[in-house]
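Before any comments, here is the structure.
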Amino acid sequence: MAQRVLILFSHPYAEASRVNRALLNAVLDLPDVTVHDLYEHYPEQMIDVEHEQALVAEHDVLVFQHPLFWYSCPALMKNWLDTVLTFGWAYGDDGDALRGKPWVHAITSGGAANVYQRMAYNQFSIAELLRPFEQTATLCGMPYLQPFLTQDVNQLDEIALQKRAAQYAAWVQALVDGDLPPVVHTAHAPQVDFLEGA
Ligand SMILES: Cc1cc2nc3c(=O)[nH]c(=O)nc-3n(C[C@H](O)[C@H](O)[C@H](O)COP(=O)(O)O)c2cc1C
């Protein structure tokens, strides 16, 4: 049976977007896929929580599509998480509305993959930077899947961008078909902590 995929798209300057726009255009007409443009829907950032929770309930897989902004997500996506993932619905007593629904990001970044490494200027891998999202998903009982990353976007010429958009459409179609990317477990990596008394 087809999995119903909800793409929660967050981009504050969508009209100026090149990469996300191309990716999104490639999936707009896919059956069983709903594209929900958060900035278009909520220009004043006043999120209708009941509406969002009902929309989530109608879908099996959540895709958060967004550009990487300051090693994280755009503000409205954070606002969405803060307001929609309520106690008693997303987590806590009887809060099981999201349990079992996979969470996956589709992220674009200016930086190339090789600058997201310990010795490079961004120091941390994308997986490390996304840990707050991974743990949020885990708290809500959602399998947190390996993201679809489009990096070094300024180097993508028109042909490469169209190819990437076609790959995105195939990736989203695989989600619909239930052919999911692997689950991420960065908690299994060696742990680094603040020094006690430092
Ligand atoms: C406010 C802001 C913050 C950004 N932060 C990052 C960042 O932390 N890491 C990175 O690799 N690129 C960063 N970028 C670059 C964007 O990720 C890049 O412009 C975007 O993915 C391009 O997609 P678009 O054509 O859909 O806008 C940032 C861009 C803006 C405007």
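So residue 112 fits all but one of (1) exposed (fewer than 15 other Cβ atoms within 10 Å of the Cβ); (2) in contact with a Leu (Cβ under 6 Å, 6 or more places away or on another chain); (3) not β-branched (Val, Ile, Thr); what number is the exception? That leaves (2) as the condition not met.
When the stretch 51-88 is filtered for residues that are touching a residue at least 24 places away in the same chain (Cβ under 8 Å), aliphatic (A, V, I, L, M) and over 21 Å from residue 17 (Cα atoms), the ones remaining, listed by number, are 55, 56, 57, 61, 62, 81, 84, 85.
Of everything listed in (1) within 12 Å of the ligand (Cβ to nearest atom); (2) among the polar types (S, T, N, Q); (3) under 16 Å from the mean Cα position of the chain (by Cα); (4) over 23 Å from residue 174 (Cβ atoms), the single unmet condition for residue 154 is (3). Across the stretch 82-141, the qualifying residues are those that are of a type in the set (Val, Ile, Thr) and under 22 Å from residue 188 (Cα atoms), and the one among them that is farthest from the ligand (Cβ to nearest atom) is 138. Scoring residue 118 on the criteria (1) at pLDDT 95 or above; (2) touching a Ser or Thr at 6+ places or on another chain (Cβ under 9 Å); (3) under 19 Å from residue 149 (Cα atoms) leaves a single failure, condition (1). Residues in the stretch 70-79 that are more than 15 Å from residue 131 (Cα to Cα) and in contact with a helix residue (DSSP H, G or I) (Cβ under 9 Å, 6 or more places away or on another chain): 74, 76, 77, 79. Among the residues of the stretch 42-71, those that are exposed (fewer than 15 other Cβ atoms within 10 Å of the Cβ) and either under 27 Å from residue 174 (Cβ atoms) or touching a strand residue (DSSP E or B) at 6+ places or on another chain (Cβ under 9 Å) (or both) comprise 54, 57, 58.
Anything in the stretch 22-50 that is among the hydrophobic types (A, V, I, L, M, F, W, C) and free of Cβ contacts under 8 Å to residues at least 24 places away in the same chain? List them, or say none. Of everything in the stretch 22-50, those that are among the hydrophobic types (A, V, I, L, M, F, W, C) and free of Cβ contacts under 8 Å to residues at least 24 places away in the same chain turn out to be 28, 46.
For beta carbons closer than 9 Å, sequence separation of 6+ or different chains, a first residue in the stretch 152-170 that is aromatic (Phe, Trp, Tyr) and a second that is part of a helix (DSSP H, G or I), the qualifying pairs are 168/22; 168/23; 168/24.
The condition of being modelled with pLDDT of 95 or more, under 25 Å from residue 25 (Cβ atoms) and surrounded by 15 or more Cβ atoms within 10 Å (Cβ to Cβ) holds for only one of 80, 89, that being 80.
The values are calculated or read from the model by the stated rules, or taken from the named source; none is laboratory data. Here the structure is a predicted model, which means the values were calculated and not measured. Here the Cβ is made from the backbone with ideal geometry for all residues, glycine too, and neighbour counts use every protein chain on show.
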